[in-house]
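Student: I am attaching a structure below and will ask some questions about it afterwards.
Derivation of every value follows stated rules applied to the coordinates shown; laboratory data play no part. Computed from a predicted structure; not experimentally measured. Here the Cβ is made from the backbone with ideal geometry for all residues, glycine too, and neighbour counts use every protein chain on show.
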């Protein structure tokens, strides 16, 4: 295909990529990218609003909840990057500043691993073998000294993988930590995270649920496809938002954002390597994508 240097169907940021060789373009296609759809922007605004609260006895908390692979982690990562830490060398008192601290709830939820995860996020891995009381004390002290203003806890539903006693103790720790530091907590997880929070009346009253449901086949979905198409360095337009392709992608993805992106990026990579330069229904089939339901039915 002759290169025109002008690809009006692409976003300006992606036009230069379209003239790169095939391997470079495939790498770009497979790279994570931020897509600023309406629900994501609303979630970012809600988290920003919570961060703006001054310290008070009872801080507001959020629970970003939705199906797996539906964009929750990408939203909180985007938020964290918009509030980057300040290195110790750049502060007057020589102490780093970490406005937004993000951790993942350990798969085996207990207090030792929980505070160990906080210390690791603060760069204190060497304290991972200390007793719970020492880790708790050090973690809270460091969070104060580094001026942590928000704690984001991803995979919060992991709380339910522990025993009833472990679940209760972990939920108590969440409540204690928010009270002690007077900072907002943002939980991220599936519907099970909401069930865990609702098992504690006090936490249920403090965490406002913010839902990220699966997509509907509507105008917002078609705008998402158009935005995604404009960011992928294919040299010819695909028309992903047109009814035939949009319906096919929606049916295969079952309305889950991560699956939608996976279908499109797989087909886009195939379009580059095959020389087709545009996504078609045949290329989607050729990409080898298996729907979420299909993956659950695979026999081994």
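Student: In whole angstrom, how far apart do the alpha carbon centroids of the range 247-286 and the range 99-125 sit?
Tutor: 37 Å
Student: Of the listed peptides 79-88, 241-250, 265-274, 142-151, what is their order by residue-averaged count of other C-beta atoms within 10 Å, with the highest listed first?
Tutor: Result, highest mean first: 265-274, 142-151, 241-250, 79-88.
Student: Continuing with the same structure: In nm, to one decimal, how far is the residue 172 label point from the residue 46 one, both placed 7 Å along Cα→Cβ?
Tutor: It works out to 3.0 nm between the two label points.
Student: If you don't mind, another one. Provide, as a two-decimal number, the C-alpha radius of gyration of the range 13-91 over 2.2 N^0.38 Å, N being how many residues it has.
Tutor: Details: Rg = 17.6 Å, N = 79, 2.2 N^0.38 = 11.6 Å.
Relative to the rule-of-thumb radius for its length, the range 13-91 sits at 1.52.
Student: Now for a separate question. Please report the antiparallel percentage of DSSP beta bridges with both residues in the range 38-211, rounded to the nearest 5.
Tutor: For the range 38-211, the DSSP antiparallel bridge percentage is about 5.
Student: Now a separate question. I want to check the label-to-label distance for residue 280 and residue 125. Put each point 7 Å from Cα in the C-beta direction and report it in nm to one decimal.
Tutor: For the pair residue 280/residue 125, the computed spacing is 5.0 nm.
Student: Continuing with this model, one more query. Note down the relative contact order for the chain as a percent, whole number, built from C-alpha pairs under 8 angstrom at least six residues apart.
Tutor: Reported relative contact order: 24 percent.
Student: Further question on the same structure: Between residue 195 and residue 227, what is the FRET efficiency for a Förster distance of 35 Å, r being their Cβ-Cβ separation, to the nearest 0.05?
Tutor: It comes to 0.60.
Student: Among bridges DSSP assigns within the chain, what percent are antiparallel (round to 5)?
Tutor: Antiparallel bridges: around 5 percent, rounded to the nearest 5.
Student: Could you work out how far helix 243-253 tilts from the main Cα principal axis of the chain, as a 0 to 90 degree angle to the nearest 10?
Tutor: So the inclination is approximately 40 degrees.
Student: Treat the count of other C-beta atoms within 10 Å as a stand-in for reagent exposure and order 49, 154 from fewest to most.
Tutor: 49, 154
Student: Considering the zone a paramagnetic label at residue 211 would reach in this model (a point 7 Å from Cα along the Cα-to-Cβ line), which residues of the range 255-294 have amide N under 19 Å from it?
Tutor: Inside the label zone: 255-258.
Student: So, in nm, how far is label residue 161 from label residue 24 when the simple model puts each one 7 Å beyond its Cα toward the Cβ?
Tutor: Label-label distance for residue 161 and residue 24, simple model: 4.1 nm.
Student: A further question follows. Could you bin all the Cα-Cα distances of the range 80-175 into 5 Å bins starting at 0 and give me the percent of pairs in each, rounded to whole numbers?
Tutor: 3, 13, 22, 24, 19, 10, 5, 2, 1, 0
Student: Expressed as an acute angle from 0 to 90° and rounded to the nearest 10, what is the orientation of the C-alpha long axis of helix 72-82 relative to the principal long axis of the chain?
Tutor: That helix lies at roughly 70 degrees to the long axis.
Student: Per-residue ellipticity at 222 nm for the chain, helices alone: DSSP H runs ≥ 4 residues times -39500 (n - 2.57), over residue total, nearest 500 deg cm²/dmol?
Tutor: -15000 deg cm²/dmol
Student: A follow-up question, please. Express in nm, to one decimal, how much length is gained between residue 53 and residue 38 on full extension, taking 0.36 nm for each residue of separation and deducting their alpha carbon distance. Walk me through the intermediate numbers first.
Tutor: Working: separation 15, 0.36 × 15 = 5.40 nm, distance 2.35 nm.
Stretched out fully, the residue 53 to residue 38 stretch lengthens by 3.0 nm.
Student: Here are a few candidate values for mean projected area of the Cα convex hull in nm²: [x] 15.9; [y] 19.3; [z] 14.1. Which one was actually calculated from the structure I just gave you?
Tutor: It is the one labelled [y].
Student: Multiplying the sequence separation of residue 132 and residue 31 by 0.36 nm and subtracting their Cα-Cα distance, what value in nm do you get?
Tutor: So the chain would gain 32.5 nm between residue 132 and residue 31.
Student: Could I ask something else about it? Measure of size requested: the Rg and Dmax of the range 38-211, with Cα atoms as the atom set and Å as the unit; please supply both.
Tutor: For the range 38-211, the Cα radius of gyration and maximum Cα-Cα distance read 15.4, 46 Å.
Student: Right, here's the next one. Can you give the extra length, in nm with one decimal, that the chain gains between residue 179 and residue 291 once fully stretched, where that is 0.36 nm per residue apart less the Cα-Cα distance?
Tutor: 36.0 nm
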